[in-house]
Amino acid sequence: MFIELVNLVSTWAIPALLFIIPVTAYLKGVKVYETFVAGAEEGFHTAVKIIPFLVGMLVAIGVFRASGAMDLLVNLIKPVTGLLGIPPDILPLAIMRPLSGGGALAIAAEMINTYGPDSFLGRLAATAQGSTDTTFYVLTVYFGSVGIIKYRYALHLGLIADITSLMAAIFITNLVFG
C-alpha cells in the first residue's frame, strides 16, 4: 500500500507542480507568460556570460586527466587511504567528483560495469556519486555568473564537505552492504 502511494505521488508530483505554480501565479495577478519570457531571457544572458568560465574549467579537467596527473595523484594517495580502509578503486571517482560531474559519472559507470551494480564497489561508487558535489563546477559557474571572484573560503568549505561526504558514503556503504 505504502509503495503504491509513493509511486503515485512520484508519478504526479512534477505534472502537479507544473500546473499548480502557473495557476497560483495567475490567481495572484502575476503575468505568467511575460514573467517566464523575462526569466528565460535572463537565463540566456547568464548562460552566455558563464561560457568562458565553463570552457576554462573543462580544458583544465581535460589536461588534468590526459597528462596523467590524476593517476599520479591516485598513486600518491593510495598508501594513506589503504591505512584508513578506503578502497583504492574509489580514488579516481573521489578525485574527479569535485571537478566534473560528467567525468565522475563516467568513472562511476565504468566501476559499476566492471564490478557490477550489486558489488560493494558498485554500491560505493553510486553512493559516493550521489552524496558528493561538483565543488569546482559550482564555484566556476555559479560564482562566475554573478561576478564573485574571491571564493577562497567557499572552496575550502566545499572540499571539506566533499571529503566528509565521501567518508560518510564509505562508512554507510560499509555499514549497510559491507
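For segment 114-153, trypsin sites (Lys or Arg not before Pro) meeting the loop criterion (DSSP other than H, G, I, E, B) and having at most 11 other Cβ atoms within 10 Å: Lys150.
One decimal place: the segment Val138-Leu159 gains 6.4 nm when fully extended, by the rule 0.36 nm per residue minus the C-alpha distance.
Approximating the spin labels as points 7 Å out from Cα along Cα→Cβ, the Lys150-to-Thr46 distance works out to 2.4 nm.
Relative contact order of segment 48-177: what whole-number percent is it, with Cα pairs under 8 angstrom and at least 6 residues apart?
Details: 112 pairs, mean separation 33.8, N = 130.
Answer for segment 48-177 is 26 percent.
For Asn174 and Thr114, FRET efficiency with R0 = 22 Å and r from the beta-carbon atoms, rounded to 0.05? Efficiency at R0 = 22 Å is approximately 0.65.
With helices as the sole contributors, the chain gives -26000 deg cm²/dmol at 222 nm; each DSSP H run of n ≥ 4 counts as -39500 (n - 2.57), and the sum is divided by every residue.
Counting charges near Val48 (Lys, Arg +1; Asp, Glu -1) among other residues having Cβ under 13 Å from its Cβ returns a value of -1.
In angstrom, the C-alpha Rg and Dmax of the chain are 20.8, 63. Each part gets one Cα centre, and for segment 131-157 versus segment 64-93 those centres are 24 Å apart.
Remind me, relative contact order of segment 79-130 in percent, using alpha carbon pairs under 8 angstrom and six or more residues apart?
Values: 36 pairs, mean separation 16.4, N = 52.
RCO, segment 79-130: 32 percent.
Size estimate for segment 1-53 follows the Kirkwood approach: the inverse of mean 1/r over distinct Cα pairs works out to 13.8 Å. Extension gain for Ala60 to Glu34 (0.36 nm times residue separation, less C-alpha to C-alpha distance): 5.4 nm. Taking every full run of DSSP H in the chain, the ones that stretch at least 18 Å from end to end by Cα along their long axis and average 0.5 or higher on the Kyte-Doolittle scale are 2-27, 32-66, 69-84, 101-115, 152-177. I need the GluC sites (Glu not before Pro) found in segment 1-63, filtered to DSSP loop residues with at most 15 other beta carbons within 10 Å of theirs. Answer by residue number: there is no such site.
Coordinate-derived values only; no laboratory data. Keep in mind that what you see is a predicted model, and the values were worked out from it rather than measured. For neighbour counting, all protein chains shown are included, and Cβ atoms are generated from backbone atoms with ideal geometry for every residue, glycine included.
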